[in-house]
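Have a look at the structure below before the remarks.
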Amino acid sequence: MDIALSFIVGGIAGWFLNGVLDSAVARLRWAFIRYRAQRHARKVAFRDGLLRVGAEHIFVSEYAPRGFDVARSTLRVSSEPVNVVRDSALGWEAKLRTVGHELAAAAEQVRKEAAAGDGKVLWNGQTLGLRSVRIDRDPMTETQQLTLDFVQSDHAAYVAASQWHRRLIKEDGLPHVEEDKWREIELALSHSFGLNATIETSDGYVILTRRGAIPGSHPGKRHISVNEGIRPTDADRGSLDIEAGLRRGIKEELGIVMAGEAVNFHTLILDIEPYEWALLAHVRVELSLKQIRERRLLAADKWEMESIEAIRFDETEVRRVLEHMDDWIPHGALNLALSLIAERHADASLLDLLRGNA
């Protein structure tokens, strides 16, 4: 009886001690993960989240070097009507009320030009504008989850609003507001949401592109690998799949069919002058540079690019190409720098190249 009792007590004690040890190991593991995440995040510091990149301004709403937790994020398309006449976070309510009819008329003119096919506007398609954004953080892992709500629009509305916003900033200058004000969506201007990615090859190159002769699209400027806009067709029963949207863009522009490659969506930005919110990402593909060049020959939208080039995905080469900011589309240069910092732990001084050439 005593022997049996000893076995039972010993088993319970062993089970209890194993549980305590497992719990302690788990806590240490999560503490280490959290420490690494915080240390990595501190590598990049943005003053008020606002950067001067080349000749334009970009607001960095959130930088997540380890990537947003897309699986636990919520992205929805709303069917509710948008009340665009509300208090403007940037102090532009009166201006937006005044130009409401002007923007609607300008958008209609763009639609007519696209339908006429006279070369002024190459196309007009359905788009999604960001309506609201919330970012939550897991206290244990320090990973961030996104809650993004979108509303349907079209490219013509984006072109009209973008042109008006550029003129406004050129005439009145950039408004001096607190950082949180930039996080509030200007619904009258939000008609497009970008998905932009650096593509890394299996042999260690990153793909860069030259934009084609597309009106209003920085013709001839250097850009990153893929520049796509999310569309209503990327949604299923109101829920958006941003990875599907990016895969579509990669296939259309580079001819690459992705098959489970890891995508690191690392930054949420507002490209201020054109007023376009976007997610920046990095993708590693299991294809060599040579294979990508071959596949691009069959890409449906290869005409959007004048050419592609490649550099080694290391700090020396990235610094070299970022020394000439007047040659870059601003958010493309920012994406290249932030992807290198996220993926190769490059020094954050890399961003000084973007600021220094302002």
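Fewest to most neighbouring Cβ within 10 Å: what's the order for Ile230, Ile169? Please report the intermediate quantities before stating the final value.
Numbers: Ile230 30, Ile169 16.
Listing Ile230, Ile169 from fewest to most nearby Cβ atoms yields Ile169, Ile230.
In the stretch 118-223, which chymotrypsin sites (Phe, Trp or Tyr not before Pro) are in a loop and have at most 10 other Cβ atoms within 10 Å, using DSSP for the loop call?
Numbers: sites: Trp123, Phe150, Tyr158, Trp164, Trp182, Phe193, Tyr205; in loops: Trp123.
Answer in residue order: Trp123.
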Centroid-to-centroid separation of the stretch 199-274 and the stretch 127-180 [C-alpha atoms, Å]: 18 Å
Cα-Cα over 19 Å, subset of Lys120/Lys251; Lys251/Lys290; Lys95/Lys170: Lys120/Lys251
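Among His223, His57, which comes first, then next, by fewest other beta-carbon atoms within 10 Å? Could the numbers behind the result be given before it?
Details: His223 24, His57 18.
Final ranking by Cβ density, sparse to dense: His57, His223.
Taking the Cβ of Leu75 as the center, what net charge do the other residues with Cβ under 12 Å away carry, scoring Lys and Arg +1 and Asp and Glu -1?
Values: positive: Arg72, Arg76, Arg131, Arg134; negative: Asp149, Asp234, Asp236, Asp241, Glu243.
Taking every other residue near Leu75 into account, the sum is -1.
Where a number appears in this text, it was derived from the coordinates with a stated rule and is not lab data. What you see is a predicted model; the values in this text were computed from it and never measured. A quick note on method: Cβ atoms are made from the backbone with ideal geometry, for glycine too, and the neighbour counts reach across all protein chains shown.
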